[in-house]
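The values are calculated or read from the model by the stated rules, or taken from the named source; none is laboratory data. Remember, it's a predicted structure, so these values are computed and weren't measured experimentally. Using ideal geometry, Cβ is built from the backbone for each residue, glycine included, and neighbour counts are taken over all protein chains shown. Side chains are part of the model used for accessible areas, which takes the heavy atoms of the whole protein and leaves out ligands, DNA and RNA. Shrake-Rupley method; radii C 1.70, N 1.55, O 1.52, S 1.80 Å.
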Amino acid sequence: FDGVEELDAVGPWEVFAWAAKEGSPPVPMSVFTLSREGAPVTCGKGMVITPDHSFGTAPDIDILLIPGGPGTRPMIKDQEMLDWVRKTASGCTWITSVCTGAMVLAQAGLAKGKRITTYHDMVEPMRQWSDADVLSGVRFVRDGNLVTSAGVSAGIDMALWLVGEVAGPDYARKVQQGIEYFPAPPYSYEV
């Protein structure tokens, strides 16, 4: 969708794509992007992504990932989109979101009574209007087959965890090594 946050989509994509293509997964995996009509989308900061499929041409989806970004605001009012999310989610093993993608899942009724998380600035507003238990201060939360992550880079953590659930922790560690994901933020601690 237009306005998707780049890393919300591309971070998990990197994890899943590396797992599917580079790492010889112990289970078959394929990764694809889609938009409603299959048309290119312009991300929140200007990057353009050309989806592989439209809603109508997409193969079966086992893991549905809804990224966040400013484009989620119109989505929570788009009944056609919410209907598609509900229908698609009903056949998924895992339903996931990154950042404000949790707003879409909540508005679609998929987070009712469940523990979720989202981008730190949206925790309180979502507590006001959603019927989910919105947690703060966590990277990602699993409640049944619903897995939501906090903002932006937390989607990478969630995706690695999901690879571990699907293909085993040892394989997830191989993926983590393959993408050299060992965060050491330079401004996390006083020097």
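Got a sec to turn the phi values of the stretch 165-170 into Karplus ³J(HN,Hα) couplings, 6.51 cos²θ - 1.76 cosθ + 1.60 with θ = phi - 60°, whole Hz, x for Gly and Pro?
In residue order, the calculated couplings are 5, 7, 10, x, x, 5 Hz.
Hey, can you grab everything whose amide H is under 5 Å from the amide H of residue 4? Only 5+ residues off in sequence or another chain; H modelled, so Pro and N-termini drop out.
HN-HN under 5 Å from residue 4: 44, 71.
For residue 128 and residue 84, what is the calculated FRET efficiency with R₀ set at 22 Å and r taken between the beta-carbons, to the nearest 0.05?
That gives a FRET efficiency of 0.25.
Using a 1.4 angstrom probe, figure out how much accessible area the chain has per residue, in square angstrom, rounded to the nearest whole.
Accessible area per residue, the chain: 51 Å².
Rounded if a/c is under 1.5, else prolate if a/b beats b/c, else oblate: with a ≥ b ≥ c from the C-alpha gyration tensor eigenvalues square-rooted, which is the stretch 105-180?
Since a/c reaches 1.5 and a/b is larger than b/c, the shape of the stretch 105-180 is classed as prolate.
Once amide H atoms are built 1.01 Å from N in the peptide plane, which residues 5 or more positions from residue 66, or in another chain, come under 5 Å H to H?
When sequence neighbours closer than 5 places are left aside, the close amide H contacts are 96, 97, 98.
Out of residues 5 or more away from residue 140 or on other chains, whose amide H comes under 5 Å of its own, with H placed 1.01 Å from N in the peptide plane?
Answer set, sorted by chain and number: 150.
Nothing charged except the Cβ atoms of Lys and Arg (+1) and of Asp and Glu (-1): what's the magnitude of the dipole of the stretch 1-150 about its Cα centre? Round to the nearest 20 debye.
Here the size comes out at about 340 debye.
May I ask which residue of 156, 122, 59 lies farthest towards the positive end of the charge dipole of the stretch 46-191, with charges of +1 (Lys, Arg) and -1 (Asp, Glu) on Cβ and the Cα centre as origin?
Comparing the listed Cα positions along the dipole, 122 ranks first.
Please report how far the C-alpha centroid of the stretch 61-116 lies from that of the stretch 1-26, rounded to the nearest whole angstrom.
Centre-to-centre distance over Cα atoms comes out at 18 Å.
Where does each of 35, 90 land when they are ordered by accessible area, with a 1.4 Å probe and the largest first?
Final ranking, largest accessible area leading: 90, 35.
Could you order peptides 14-23, 134-143 by the average number of other Cβ atoms within 10 Å of their residues, highest first?
14-23, 134-143
How much of the accessible area of the chain, in percent, comes from carbon and sulfur atoms when a 1.4 Å probe is used?
Carbon-and-sulfur percentage of accessible area, whole number: 53.
To the nearest 20 debye, what charge dipole does the stretch 115-191 have about its Cα centre, counting +1 at the Cβ of each Lys and Arg and -1 at the Cβ of each Asp and Glu?
180 debye
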